[in-house]
Amino acid sequence: MLGSWTGPAIGLMDLDAFFASVEQLDHPEWRGRPVIVGGSPEERGVVSTASYEARPYGVRSAMPSAQAKRLCPHAIWTHGHFDRYREMSGKIMAILADETPFVDQVSIDEAFFDITPGRFSSEHPVAIARRISERVAALGVTCSIGLGSNKTVAKIASERDKPRGLTVVYPGTEASFLAPLPVRAVSGIGASAEARLARAGIRTVGQLARAPERVLTDVFGVNGEAMRLRASGEEVSAVSSIDDPDEVKSVSNERTFAHDLTDAADIEAALALLGESVGARLRRKGLLGRTVTVKLRYAYGQGHTAQRKLPHPTDDENLFVLQARDLLHSIWHPGMPVRLLGIGISDFDLSQGVQTDLFCEVDERGAVASDRRDLSVAIDKVREKFGSASVSFGRAGRFGRSVVRADKYEASEQGERGESL
């Protein structure tokens, strides 16, 4: 007997060990055996996904491949088949789109969906969630679903019962569900914020919901009230239509290096190389971004991220990489080893228009471009026709095989991702 449901019903579908599950689907002889999808242990690779058979050995996503190999030496390793993962992801996202037009895909293996009674269907949300789980399983992989009144609750619920779990948090029970959980369970709270909260005596989500305003402001700044709403279960979340042109939230690219970079020229060249890819993808999607983000990691799980609002929206790496370089030098100092480097562009809302200055040229889209953008567009076309290696700048030669692909995919772009920018 399903309980009554009033108000929003937001689900989060998380595909279980997705890449590894697809490999086991395509290789039946691998079923029941530990499978690791990731970069080479010999080349500073990173684990993208580990099957549930590998996890009892301590293997986890984003772990260095060399460490994973030591923990589970008998695992089956594969670099992955990303076109196949995208194909399977497309089929699964089509299932969600068939159930509701309100879908926010946040990664290749994860999506929020709105099944609020009366918004698109009068069917009970739990019944719809169960059907989604069954339809996904029929494709040969499984998913775990969290269902609640907002995105924070749905996300946390989706992680409670894996694999193939369905955790339902009925309206009115959000606070009691969240209260005993550690603060780290809430999205947006990392190790640094967790430590600062602990020094203030706040260790659970319930304590966070009751924390004094001054503590929240000290730790989260202007986001203090938003974090309180998340912790109390009072967050109001919107899931846009799957056809919403603003569905893409960011475009980014990052790389893990086989050998740490320590030279400023090498690091700047790597940043420019990543920026080329981001610029090309922005132009391919017709997106113009206002915010640039730079991320670096100097050890496993340790690093810095910096972000800056651009004065004008652009898709031109000749402009945003210059800003990214300034950001880089605000978080990196000479001699610091760089294990991973990433650059991202976000904030694609152009509704406010653009105010130009004397040295900026605005095109018919309201975008600001450098005098080298035409060259970048021409190179895009050559690479599209003859392959990505057909044209390259001298900086590409600095790295050779020292750049290791980050074997994850970025949410909104459905391109690469490592740790989220």
Rolling a 1.4 angstrom probe over the protein chains, ignoring ligands and nucleic acids, what is the accessible area of Ser144 in square angstrom, nearest 10?
0 Å²
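At a 1.4 Å probe, what is the % contribution of carbon and sulfur to the accessible area of the range 200-348? Each step should come with its number before you reach the end.
Details: 3200 of 6420 Å².
So the carbon and sulfur contribution to the accessible surface is 50 percent.
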Pairs of alpha carbons in the range 19-160 whose separation is greater than 19 Å (percent)
57 percent
The range 1-156, accessible area per residue, ligands and nucleic acids excluded (1.4 Å, Å²):
38 Å²
Measure up Lys249/Lys285; Lys249/Lys295; Lys91/Lys249; Lys285/Lys309 against 19 Å on the Cα-Cα distance and list the ones that go over.
Lys91/Lys249; Lys285/Lys309
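With a 1.4 Å probe and every protein chain kept in, tell me what percent of the accessible surface of the range 95-182 is carbon plus sulfur.
Numbers: 1690 of 3280 Å².
Answer for the range 95-182: carbon and sulfur cover 52 percent of the accessible area.
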Which values of log₁₀ I(q)/I(0), to two decimal places, follow from the Debye formula for the range 6-57 at q = 0.21, 0.26, 0.28 Å⁻¹ with a uniform point scatterer at every Cα?
-0.77, -1.01, -1.08
For the range 185-293, alpha-carbon Rg relative to the globular expectation (2.2 N^0.38 Å, N residues):
1.48
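The values are calculated or read from the model by the stated rules, or taken from the named source; none is laboratory data. Remember, predicted model here, so these are calculated numbers, not experimental data. To get the accessible areas, we keep the full protein, side chains included, count just its heavy atoms, and leave off ligands, DNA and RNA. Shrake-Rupley method; radii C 1.70, N 1.55, O 1.52, S 1.80 Å.
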